[in-house]
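Working notes, structure below.
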Amino acid sequence: MKKSIEEKLAILADAAKYDVSCASSGSNRSNKNKGLGNSTGMGICHSYSEDGRCISLLKILLTNYCVYDCAYCISRSSNDVERAAFTVQEVVDLTINFYRRNYIEGLFLSSGIFKNADYTNERLIRIAKKLRTEENFHGYIHLKIIPGASEEVIQEAGMYADRLSVNLEIPTEKQLKKIAPEKDHSSVYQPMNLLTEKIFENKEDRRKYKKTPKFSPGGQSTQVIIGASPEQDLTILNLASSLYNKQRLKRVYYSGYIPVNEDSRLPVVTNAPLIRENRLYQADWLMRFYGFDVKEIVDDANPNLDLRMDPKLSYALRHPELFPIDINTAPYELILRVPGIGVKTAKLIVKSRKFGKVRYEHIRKMGAAMNRAKFFILVPGTPIPPTIQPQKIKHQMVSNSQQNQLQLFA
Amino acid sequence: MPTNIIYDGSFEGILTVIFDCYERKLEPFCISPRSNNQSSLFSDRIEIDADPEKSNRVLNGLFKKISKNGIDKLYKVFCSELPERELLILEYCKKIFTSKYNIANDFRSQPVLRVQQIVKMINREIHRMHAFVRFQKTKDDIYAATIKPDFDVLALSVDHFKKRYQDQLWLIYDIKRDYGIYYDKAELKTVQLNNPVWTERHQIKEEVLAENEKRLQIMWKKYFDSTCIEERKNMKLHLRHVPHRYWRYLPEKTIL
């Protein structure tokens with residue numbers, strides 16, 4: 001029986017929702033010839049679903065028919081789920097209609113694998129091409145690249161998409177082999193490395209010749225699933241760090257595994273590891289915006305992040321010898337390391353202190369979280385001078401946050 | 001001399017007030033727009049209307065000290081409509097004019113920090129306009145939206161829409177301040193509607209909507225529901241990102 005667009009949308013949005021990438025940022029594509037759409041580099045979340053996640057793009061699968069049988073995936077071939085497939089025109093129409101109403105920033109298109117990787121990739125590209133060339137659409141397009149894609153396919157995808165992503169899914173090859181027998185890491189790294197090269201070359205070319213067409217101007221990203229396999233945070237964060245440094249990825253997404261399938265190859269979990277996922281994102285932020293090296297966040301002695309506190313506080317408590325930091329003289333990079341002081345506050349502090357001494361009250365008003373920061377700073381006007389007693393601070397912070405959590409669930 | 005100043009409520013008016021405060025050595029304890037002060041109890045009030053020559057001299061003076069970027073910030077403070085805005089702008093300008101250096105980055109100073117905070121609030125509201133405006137296609141092919149921003153940010157928000165929606169007619173109407181901005185595929189026009197086509201709850205009346213419009217809104221709602229992961233449901237977080245007061249403008253929150 002033929003399904004209505006509404007039915008397809010319900011099935012194929014539901015199947016796409018486990019891919020957590022949501023960004024609509026990092027690209028720059030201006031409206032030309034009175035067309036539709038514009039991307040400025042700043043992402044916009046147009047709504048938030050009731051799980052609190054940002055809705056920025058129309059995130060759907062082209063189809064959830066799949067020849068693969070990956071243990072963690074809801075759409076795996078051995079599952080008895082309702083299947084559907086959009087036509088090219090249906091996806092194009094939905095994207096345009098939603099975009100014109102300001103529901104979305106653009107399209108995120110992924111797919112189950114039918115026949116083989118490139119057959120699938122080509123169909124995804126066809127939709128992006130139609131949007132760009134026939135509909136004069138300049139909104140955001142994120143295309144998923146199915147592992148094993150050929151160079152020709154990647155070249156074409158990059159011409160129409162703002163961002164491309166090949167998902168690693170399972171952090172280590174050994175574990176991947178166990179739960180996704182048809183996949184291997186080389187089929188992921190090959191297209192990923194090709195993308196790194198092409199994106200870099202394109203940037204160079206555009207610097208020399210302004211008219212060079214853009215190639216995936218928003219770069220590339222990937223996703224790893226957390227908790228479907230036994231890797232430690234040390235392994236995951238080392239992987240992320242190398243993806244940022246070697247492959248020059250814009251984002252690594254961490255997706256806390258939600259038990260959608262019962263499978264002897266998977267660990268028995270009842271709840272998604274949401275706190276662990278959150279701590280991994282915090283650690284990721286420390287690497288990307290706070291100048292932390294992965295070795296400073298996790299090491300052999302501390303291979304997992306402390307779930308009870310954020311990784312920056314945890315770092316400060318492991319390194320009492322670095323504190324207190326003098327707010328009026330320390331370089332920006334060190335001020336960024338103070339728990340409770342973020343990028344914005346650190347910038348305000350550094351700008352303001354050129355005019356005179358910055359005091360306790362000033363930085364509180366500028367937005368520092370003094371309940372944490374107060375232990376780690378030297379600043380005039382402090383009610384109580386800082387004493388770095390890690391055990392005491394830890395006790396206080398952890399019992400505070402536990403109290404807060406109790407209130408949350410009361 | 002402590003004074004109560006009434007001005008015409010325009011940004012140029014405020015700048016003129018600043019000029020007069022300097023020239024006439026006024027020290028106002030209250031500056032308010034005329035509309036809020038029809039029958040004043042104070043007899044010793046001074047009325048000031050915008051004077052382009054005076055306001056331009058203040059603008060030029062500010063431009064030399066804090067450049068266009070700084071003036072944009074003051075304009076945003078003005079758009080906040082906060083009761084404190086006039087005195088804050090005055091105090092800020094005094095600081096700027098009396099100090100030798102450009103103190104616009106000295107956030108230890110109360111007016112400088114307060115301006116920064118208000119600018120942040122305004123920018124957030126502009127961003128929310130970009131996010132939460134929802135167009136509905138009408139029978140005469142206009143993509144129309146009603147909205148009630150916390151601050152008067154419509155004019156600051158529309159450039160984004162103009163760049164994005166160049167090949168469709170659109171209208172965004174601020175219900176609270178009773179004006180809208182209309183794009184006719186060529187330029188932006190400020191409009192005021194005599195016969196509003198929305199209900200008491202600010203919903204555009206169904207009889208003026210294009211044929212397929214409701215179906216598309218229902219599809220969007222379907223998408224909104226399907227993309228949510230039930231096991232991760234977190235209404236507290238949802239509410240923090242989508243505050244209640246915007247719900248009535250969002251089809252995903254109004255359609256059952």
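Some points to look at:
- Search result, residues across region A:40-50 that are facing another protein chain (nearest Cβ under 7 Å) and open to solvent by 10 Å² or more (accessible area, probe 1.4 Å): A:C45, A:Y48, A:E50
- Selection within region B:217-249 - more than 24 Å from A:D19 (Cβ to Cβ) and crowded, with 17+ Cβ neighbours inside 10 Å: B:Q217, B:Y246, B:Y249
- Residue within region A:263-279 that is without any contact (Cβ under 8 Å) to a residue 12 or more places away in the chain, within 30 Å of A:D69 (Cα to Cα) and more than 14 Å from chain B (Cβ to nearest Cβ) present: yes
- The set of residues in region B:118-129 being buried (at least 19 other Cβ atoms within 10 Å of the Cβ) and either over 18 Å from A:S56 (Cα atoms) or within 9 Å of chain A (Cβ to nearest Cβ) (or both) consists of B:I118, B:I122.
- Checking A:L94 against (1) within 12 Å of chain B (Cβ to nearest Cβ); (2) outside any helix (DSSP H, G or I), the condition it does not meet: (2)
The rows are residues; the columns are (1) in contact with a Phe, Trp or Tyr (Cβ under 8 Å, 6 or more places away or on another chain); (2) of a type in the set (D, E).
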position: B:I31; (1), (2): yes, no
position: B:E47; (1), (2): yes, yes
position: B:G61; (1), (2): yes, no
position: B:K65; (1), (2): yes, no
position: B:K68; (1), (2): no, no
position: B:R85; (1), (2): yes, no
position: B:I103; (1), (2): yes, no
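- Boolean, B:D178 is within 14 Å of chain A (Cβ to nearest Cβ), surrounded by fewer than 19 Cβ atoms within 10 Å (Cβ to Cβ) and not aliphatic (A, V, I, L, M): no
- Residue count, region A:10-39 (criterion: part of a loop (DSSP other than H, G, I, E, B) and more than 8 Å from chain B (Cβ to nearest Cβ)): 12
- Restricting attention to region B:1-29, the residues being open to solvent by less than 90 Å² (accessible area, probe 1.4 Å), more than 18 Å from B:N56 (Cα to Cα) and not hydrophobic (A, V, I, L, M, F, W, C) number 3.
- Test result for B:K163, open to solvent by 60 Å² or more (accessible area, probe 1.4 Å) and more than 14 Å from chain A (Cβ to nearest Cβ): no
- Residues of region A:112-148 that are more than 17 Å from the chain's Cα centre (by Cα) and aromatic (F, W, Y): A:F114, A:Y119, A:F137.
- Selection of region A:139-188 for residues being open to solvent by less than 10 Å² (accessible area, probe 1.4 Å) and either aromatic (F, W, Y) or outside the structural domain of A:L109 (by TED's automatic domain parsing) (or both) yields only A:Y140.
- Filtered residue count, region A:76-91, keeping only those that are open to solvent by less than 10 Å² (accessible area, probe 1.4 Å) and not in a helix (DSSP H, G or I): 1
- Output for region A:4-28, where each listed residue is touching a helix residue (DSSP H, G or I) at 6+ places or on another chain (Cβ under 8 Å) and open to solvent by 30 Å² or more (accessible area, probe 1.4 Å): A:I5, A:E6, A:D14
- When region A:308-345 is limited to residues that are at pLDDT 95 or above and of a type in the set (F, W, Y), the one that is farthest from A:I393 (Cα to Cα) turns out to be A:Y332.
- Some residue of region A:101-111 being in the same structural domain as A:R248 (by TED's automatic domain parsing), open to solvent by 40 Å² or more (accessible area, probe 1.4 Å), under 25 Å from the mean Cα position of the chain (by Cα) and among the acidic types (D, E): no
- Residues of region B:59-87 satisfying the condition of being crowded, with 20+ Cβ neighbours inside 10 Å and aliphatic (A, V, I, L, M): B:L62, B:I66, B:L74, B:V77
- Residue identified as under 25 Å from A:I74 (Cβ atoms), polar (S, T, N, Q) and open to solvent by less than 50 Å² (accessible area, probe 1.4 Å) among A:S255, A:S241: A:S255
- Pairing residues of region B:99-120 that are among the charged types (D, E, K, R) with residues that are in a helix (DSSP H, G or I), at Cβ distances under 7 Å and at least 6 apart in sequence or on separate chains, gives B:D106/A:S352; B:D106/A:F355; B:D106/B:V112; B:R108/A:S352; B:R108/A:F355; B:R108/A:H362; B:R114/B:L88.
- On the stretch given as region A:51-87, residues that are closer than 17 Å to A:G256 by Cα and without any contact (Cβ under 8 Å) to a residue 24 or more places away in the chain total 2.
The values are calculated or read from the model by the stated rules, or taken from the named source; none is laboratory data. Remember, it's a predicted structure, so these values are computed and weren't measured experimentally. Glycine also receives a Cβ, built like all others from the backbone with ideal geometry; neighbour counts cover every protein chain displayed. To get the accessible areas, we keep the full protein, side chains included, count just its heavy atoms, and leave off ligands, DNA and RNA. Shrake-Rupley method; radii C 1.70, N 1.55, O 1.52, S 1.80 Å.
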